[in-house]
Amino acid sequence: MKISVQEADFDAGVEISALRAGNPQIGAVASFIGLVRDMNDGSRVAAMTLEHYPAMTHKALSAIVAEAEARWALLGCTVIHRVGALFPTDQIVLVAVASSHRADAFAACEFIMDYLKTQAPFWKKERTPEGERWVEPRVTDEQAQARWAE
């Protein structure tokens, strides 16, 4: 399991190659890359700043990945989340999951992303023509996360 919270950009190809390197049991890798959009809630977004508390964030991300590992037969997982100043088209997050079969890889990747959106302690502030604003949680993110409840 690799978890990184960083300001630097990442190379998804390099990360996925490292995730699957040398493991002949891996039959599937599912991945998700989140990007900064130039529009949100009807306003142009010029920039976004992501803030976090490092110890709290790492603990939360580790718990999310551990839960995914308990639910599905995973052979590896990489989660990279960026913080700091980001601009439209910048990469924000990478979730990549390896498994023997695609069903486990797809489900775990989607689960991790749904929980990152609702349970990970990141705070987003957008800069728009109207000024700066904090991004509020979305009902749709809460609904996506709730479907995983046991």
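Table for the structure above
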| quantity | calculated |
| --- | --- |
| Hydrodynamic radius (Kirkwood) for segment 66-146, which is based on Cα pairs only, to one decimal in Å | 14.4 Å |
| Near-label residues of segment 91-113 by backbone N, under 14 Å of a point 7 Å along Cα→Cβ of GLU67 | 108-113 |
| Net charge contributed by nearby residues that have their C-beta within less than 15 Å of VAL97 (K/R +1, D/E -1) | -2 |
| Only Lys, Arg (+1) and Asp, Glu (-1) charged, at Cβ; the chain dipole about Cα centre in debye | 140 debye |
| Ratio Rg/Rh [Cα only; Rh per Kirkwood] for the chain | 0.98 |
| Listed residue (LEU19, THR128, ALA144) projecting farthest to the positive dipole end of the chain, Cβ model | LEU19 |
| Inter-site label distance for SER100 and ILE33 at 7 Å from Cα along Cβ, in nm | 3.1 nm |
| Mean residue ellipticity (222 nm) of the chain, computed from DSSP H runs ≥ 4 via -39,500 (n - 2.57), nearest 500 | -11000 deg cm²/dmol |
| Debye log10 I(q)/I(0) at q = 0.15, 0.18, 0.26 Å⁻¹ for segment 62-112, Cα point scatterers | -0.44, -0.58, -0.91 |
| Full-stretch length increase - VAL139, ALA21 - with 0.36 nm per residue and alpha-carbon distance subtracted | 38.7 nm |
| The chain, relative contact order in percent, only Cα pairs under 8 angstrom and at least six apart counted | 33 percent |
| Helical segments meeting 18 Å axial Cα length and Kyte-Doolittle 0.0 threshold in the chain (DSSP H) | 54-71, 102-119 |
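Read-outs throughout are calculated quantities, based only on the coordinates presented, and are distinct from any laboratory measurement. From a predicted model like this one, the values you see are computed outputs, not experimental measurements. Cβ coordinates were reconstructed from backbone atoms using ideal geometry, including for glycine residues, and neighbour counts include every protein chain displayed.
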